[in-house]
Amino acid sequence: MSFAARRLQRRLTSTDYKRVVAERFLNPDQKVNIFKEHPNWAASVIPMGGGQLVEMYADQPIQGQLLYFHGGALRVPLNEEQLDFIDSLAQASHSKPFIADYPLLNEETDGAQIIQFAEEALEWLGEDGKTTTIVADSAGAWLAFYLLLTHDNLINSAILVSPWLNWNLSDQPVVERAAADVMLDIPTLRQIGKQFWMGLTDAQRQTFTQETLSVTSPVQILYGNDEMLVPDSEGLADDLSENNPNVTITRFKDGFHDFILWPDLPETKKAINAMAEFLKDQRGVSN
């Protein structure tokens, strides 16, 4: 781990950043719309399903398109750090970025509606016969993973960064790592996870819990070794690998949850390069 990352991790611990994140997850300002505040960031905005699909500008040769599902426990609006991340990845991989600015989980919007939005966004991008690479971090992985299970034919590949896919987080290996996680508070995630899970339809829950994962698209799973969710990420990789030879695990020593949202870290730059190389490999591009 770099000196910068160690210093940041100590600062996050000393300031009880985990408590700050928990408060943000439980009491978000869901009225924030980053594209209304910065309309010049969007090339086009397509309203759909209570949210919007946002096409970003791309000023380099395009070799594929990305659909990004942001983290934030499905409750916190998209932020500048997340846009910086997907823009950096799009530039490094010569991709056209689209942002799935999905309806956020609250008293009026449930998990089923968010899943339906994700399906509509992917299907809209696939109307002209193009396949899409799905990129998701943290809770955004719920949506990306569902699409992998149900719309594999529309997906070229998928990148899951620090994925959170276990709503109750009761497995002992995860519980044992929870106290040391500098970012995530396990009771908060359980509360939000239950809200999301209970709002799904029976068919959606069955999709998530199927025993055999028949995903054929190449998948890269990327995370830091200090995350409490490491056992889940490793288990997901094992499950996917049973029927898919194109599953790649990219680990970062001592990395914490969603470290890729700190753009100045050397680990973040290495992670974006690793993701870009993965995408180029899937597209058969040599540079």
Check your understanding: Tell me, which residue of the range 226-254 that is among the small types (G, A, S) and more than 25 Å from L12 (Cβ to Cβ) is least open to solvent (accessible area, probe 1.4 Å)?
Key -> A237
**Study point:** Every residue from the range 140-183 that is surrounded by 24 or more Cβ atoms within 10 Å (Cβ to Cβ) and free of Cβ contacts under 8 Å to residues at least 40 places away in the same chain
**Key:** L147
Revision key, fill the gap. Note on R10: of the conditions (1) more than 19 Å from M183 (Cα to Cα); (2) open to solvent by 30 Å² or more (accessible area, probe 1.4 Å), unmet is (1)
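Out of all the residues in the range 121-139, which are among the acidic types (D, E) and either crowded, with 17+ Cβ neighbours inside 10 Å or farther than 17 Å from I46 by Cβ (or both)? Before you say what the answer is, go through the steps one by one.
Going through the range 121-139, the residues among the acidic types (D, E) turn out to be 123, 127-128, 137.
Within the range 121-139, just D137 meets the criteria.
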Practice item. Sort out which residues of the range 206-225 are loosely packed, with under 15 Cβ neighbours inside 10 Å and either within 15 Å of V161 (Cα to Cα) or not β-branched (V, I, T) (or both), and write them in order of number. Key: Q206, Q210, E211, S214, N225
Point to revise | Filtered residues of the range 35-48 (kept if out of contact with any strand residue (DSSP E or B) (no Cβ under 8 Å at 6 or more places or on another chain), surrounded by 11 or more Cβ atoms within 10 Å (Cβ to Cβ) and either of a type in the set (S, T, Y) or modelled with pLDDT under 95 (or both)) | key: H38
Check your understanding: In the range 115-130, which residue that is touching a residue at least 60 places away in the same chain (Cβ under 8 Å) and not charged (D, E, K, R) is nearest to A58 (Cα to Cα)?
Key -> L125
Check your understanding: What is the residue count in the range 243-266 for residues that are in contact with a Gly (Cβ under 6 Å, 6 or more places away or on another chain) and outside any loop (DSSP other than H, G, I, E, B)?
Key -> 2
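With respect to S214, is the statement that it is closer than 27 Å to N106 by Cα and among the hydroxyl-bearing types (S, T, Y) true?
Values: closer than 27 Å to N106 by Cα: no; among the hydroxyl-bearing types (S, T, Y): yes.
So S214 fails the test.
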Exercise for review: Could you grab me the full set of residues in the range 61-110 that are open to solvent by 10 Å² or more (accessible area, probe 1.4 Å), over 15 Å from the mean Cα position of the chain (by Cα) and among the aliphatic types (A, V, I, L, M)?
Suggested key: I62, A92
Review point. Taking the range 42-97, which residues are in contact (Cβ under 8 Å) with a residue 40 or more places away in the chain, more than 24 Å from F196 (Cβ to Cβ) and among the charged types (D, E, K, R)?
Key: E55, E80, D84, K96
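The values are calculated or read from the model by the stated rules, or taken from the named source; none is laboratory data. Only a predicted model underlies this, so the values are computations on that prediction, with no experimental measurement involved. Every residue, glycine as well, gets a Cβ built from its backbone with ideal geometry; the counts of neighbours run over all protein chains shown. When the accessible area is computed, the model is the full protein with side chains, heavy atoms only, and any ligands, DNA or RNA have been set aside. Shrake-Rupley method; radii C 1.70, N 1.55, O 1.52, S 1.80 Å.
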